[in-house]
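Q: Just passing along the structure, written as structure tokens.
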Amino acid sequence: MKTAAVIGAGQLGSRHLQGLAGLARPVELYVMDVSPECLNLARSRYDETPANENIRSISFTTDIRDLPPRLDLAVIATNARERPEALESLLAVSSVSSMVLEKVAFQSVEAFDRAEARIEETGVEAWINCPRRMAAAYRNLKARLEGRPFEFTVSGGDWGLATSALHFIDLAAFFTDRLEYEVDSEGLDDRVHDSKRDGYIELTGTLAGRFSDGSRFSLTSQAGSESPLVIVISRPGERIEVDEAGGRVIIDSPGQGRVEVLDFELPWQSRLTTVFAREILSSGACALTPFRESKALHLPLLAAFNRHVEKVRGGECRVCPVT
């Protein structure tokens with residue numbers, strides 16, 4: 001019998017739970033959150049899922065010590081500030097085979113280093129949940145790009161640059177098969193916004209960078225704008241526009257006088273969780289970003305955000321207040 005747990009049962013964690021509830025193999029589920037309100041949300045969302053005889057049992061608890069001594073899969077979906085303690089507490093009470101952590105995974109180099117040491121010490125296989133690389137359309141685009149450098153731009157109104165920039169940097173890394181990149185925060189607005197999540201920040205303006213293969217990216221969030229998110233990948237002779245909300249990819253090849261319009265789908269998190277959980281529980285592997293690779297992508301971004309916060313607010317910023 002397989003065992004799986006969700007640690008952190010808020011908005012995102014409850015969606016992970018819905019995904020686990022769709023597994024087509026016998027499994028015991030555990031849900032832990034220190035907040036009774038979050039547990040109630042998770043319970044209600046679990047109750048929305050179709051009945052599944054493969055879910056042999058499900059337990060909700062506010063005490064991590066109630067988790068079983070062995071877990072085949074744990075999804076840690078707490079806020080970033082709480083994640084180091086959640087990881088330590090989980091590994092103190094359970095032997096975990098595989099783990100998926102939400103992003104931003106950790107807020108500092110020190111937290112990443114401690115987490116990496118614990119993961120290596122306990123032999124856990126770990127991934128970070130940057131799921132765009134799971135989407136069939138993006139996997140097809142990776143094959144089309146064939147490893148050649150490109151320009152990658154993401155722009156729109158108030159789309160949560162501090163929270164979501166990593167998703168697009170991860171996608172560019174997936175396309176390029178590179179982890180080494182430089183990032184420039186000079187185009188960010190000279191303001192630090194309060195996030196809707198208490199104690200965290202948001203940023204607007206433009207974050208730009210360059211991967212080691214020559215591919216460039218530009219991520220722009222326009223303050224106070226409601227412009228839709230537009231993703232464009234361009235290279236000589238070709239322009240690819242991804243309309244995630246509209247469900248289409250437009251490939252314009254002016255030199256060939258041809259425009260292709262393809263379907264695009266980025267499934268909801270609950271469906272994505274069903275897929276990666278099935279893969280992990282069956283084979284011990286999945287298509288998400290491995291922990292070490294994601295750490296290499298996190299650190300330059302966190303450093304850029306820290307520099308910007310220091311410039312705007314003054315003082316030293318070693319723990320980046322993003323989640």
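Quick note: the coordinates plus some simple rules give every number you see, no bench work behind them. Note that this is a predicted model, so its numbers are computed, not measured. Cβ: placed from backbone, ideal geometry, glycine included. Neighbour counts: every protein chain shown.
Q: When the helices in the chain are scored as -39500 (n - 2.57) per DSSP H run of 4 or longer and the sum is shared across all residues, what 222 nm value do you end up with, to the nearest 500 deg cm²/dmol?
A: -11000 deg cm²/dmol, from helical runs alone.
Q: Taking Cα centroids, how far is segment 1-19 from segment 291-316 in Å?
A: Result: 29 Å between the Cα centres.
Q: Just how many % of Cα pairs in segment 235-323 lie over 15 Å apart, if you round to the nearest whole percent?
A: Numbers: 2971 of 3916 pairs.
It works out to 76 percent of all Cα pairs.
Q: Still on this model: Take the Cα atoms of segment 90-212, build their convex hull, and give its volume per residue in Å³. Show your work: numbers first, answer last.
A: Values: hull volume 18.9 nm³, N = 123.
Convex hull volume per residue, Cα atoms: 154 Å³.
Q: Now, a different point. Taking R0 as 41 Å, what's the FRET efficiency between Arg191 and Glu53 from their Cβ-Cβ distance, rounded to 0.05? The partial results should precede the final answer.
A: Details: r = 53 Å, r/R0 = 1.29.
Computed FRET efficiency for Arg191 and Glu53: 0.20.
Q: Tell me, Met134, Met1 in order of fewest to most beta-carbon neighbours within 10 Å?
A: Ascending number of Cβ neighbours within 10 Å: Met1, Met134.
Q: Next question, about the same structure. What number results when the radius of gyration of segment 215-275, computed over Cα atoms, is divided by 2.2 N^0.38 Å?
A: 1.38
Q: Sticking with this structure for a sec: In debye to the nearest 20, how big a dipole does segment 7-140 give about its Cα centre with +1 on each Lys and Arg Cβ and -1 on each Asp and Glu Cβ?
A: Roughly 520 debye, rounded to the nearest 20.
Q: What aspartates and glutamates sit close enough to Lys295 to cross-link, taking a C-alpha to C-alpha distance under 13 Å and skipping anything fewer than 8 places away on the same chain?
A: Glu102, Glu110, Asp113, Glu116, Asp170, Glu180
Q: Here is a follow-up. With no solvent and one equal point scatterer placed on each C-alpha of segment 1-152, evaluate the Debye formula and give log10 I(q)/I(0) for q = 0.11, 0.18, 0.19 Å⁻¹, two decimals.
A: With one equal scatterer per Cα and no solvent, log10 I(q)/I(0) is -0.47, -1.06, -1.15.
Q: Could I ask something else about it? Checking the cross-link filter: which lysines have an alpha carbon closer than 26 Å to that of Lys2, excluding same-chain neighbours under 8 positions apart?
A: Answer for Lys2, where 26 Å is the Cα cut-off: Lys103, listed by chain and number.
Q: Here is a further query. With contacts defined as alpha carbon pairs under 8 Å and 6 or more residues apart, what's the relative contact order of the chain in percent?
A: Computed over the chain, the figure is 19 percent.
Q: Restricting to bridges with both residues inside the chain, how much of the DSSP beta-bridge set is antiparallel, in percent to the nearest 5?
A: 50 percent
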